[in-house]
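The values are calculated or read from the model by the stated rules, or taken from the named source; none is laboratory data. Worth saying up front: this structure is predicted, and the values here are computed from it rather than measured. Using ideal geometry, Cβ is built from the backbone for each residue, glycine included, and neighbour counts are taken over all protein chains shown. Just so you know, the surface numbers come from the protein's heavy atoms only, side chains and all, with ligands and any DNA or RNA stripped out. Shrake-Rupley method; radii C 1.70, N 1.55, O 1.52, S 1.80 Å.
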Amino acid sequence: MSMEERNLPRPRDVAEDLLARYCGLLDANRLEEWADLFCERGSYRILSRENAAQGLPAAILLLETRAAMLDRTAALRETAVYNIHYARRFYSGVQATAREDGTIAFTANVCVYQSDQDGHSRLFCVGQYEGTLATDGPASVQ
């Protein structure tokens, strides 16, 4: 029975909904709520293009649980007071696939622009989101 026959949302729609919330929370500096998008044992890592291309696991940033994300958020709240800026994230090219275990694997292109207090904007980074969504409750990143 297909997803449509079971009246389930398409995997891409689920991934797009999560990405919209994900980017919106980060752009609004609602980091604690952003961490809530992850399941308890969810992880967040930033891997350089060079390391990804070579299959090297060393991450620029690795947070292995939601608790670690919240701890990092608390540290940022206390220390990030000098480089005041505003960010906007844009994603495109969302691809998502339902897996046999009930999760959804997804990828999407992303770019982040930053604007300083004087209104000058610049491209900060480009990359790709890769994730796995749990679907046995509210969509969360594993």
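Brief remarks follow.
- Divide the volume of the convex hull around the Cα atoms of region 21-137 by the residue count and you get 128 Å³ per residue.
- When Leu70, Leu25 are compared by accessible area at a 1.4 angstrom probe, the order from most to least is Leu70, Leu25.
- Working from Cα pairs under 8 Å separated by at least six residues, relative contact order for region 1-107 is 29 percent.
- When GluC sites (Glu not before Pro) are flagged only if DSSP places them in a loop and at most 10 other Cβ atoms lie within 10 Å, the longest unflagged stretch of the chain comes out as 41-99.
- The phi-based Karplus calculation (6.51 cos²θ - 1.76 cosθ + 1.60; θ = phi - 60°) puts the 3J(HN,Hα) values of region 52-69 at 4, 5, 9, x, 8, x, 4, 9, 5, 9, 9, 10, 8, 8, 4, 4, 5, 5 Hz, whole numbers, x for Gly and Pro.
- Note, ³J(HN,Hα) from phi for region 97-114, Karplus 6.51, -1.76, 1.60, rounded to Hz, x at Gly and Pro: 9, 6, 9, 4, 7, x, 8, 10, 8, 9, 9, 7, 6, 9, 9, 10, 9, 10
- Kirkwood-Stokes translational diffusion coefficient of region 64-106, alpha-carbon pairs, 25 °C, 0.890 mPa s, µm²/s: 174 µm²/s
- Exposed loop positions in the chain were taken to be trypsin sites (Lys or Arg not before Pro) whose DSSP state is not H, G, I, E or B and which have at most 11 other beta-carbon atoms within 10 angstrom. Between these positions, the longest stretch is 42-142.
- Choice from Asp13, Asp118, Asp36 showing the highest fluctuation, given a GNM over the chain with Cα pairs closer than 10 Å: Asp118
- Simple label model, 7 Å out from Cα along Cβ direction - Thr107 to Leu76, nm: 2.5 nm
- Here is how the number arises for the chain: DSSP H runs of 4 or more residues each give -39500 (n - 2.57), the sum is divided by the residue count, and the result at 222 nm is -9000 deg cm²/dmol.
- Estimated vicinal HN-Hα couplings, Hz - region 26-43 in sequence order (Karplus 6.51, -1.76, 1.60; Gly, Pro = x): 5, 5, 8, 6, 9, 5, 5, 5, 4, 4, 5, 6, 9, 6, 3, 9, x, 10
- Candidates Ser43, Ser115, Ala87 compared by Cα position along the dipole of the chain: farthest toward the positive end lies Ser115, with charges placed on Cβ.
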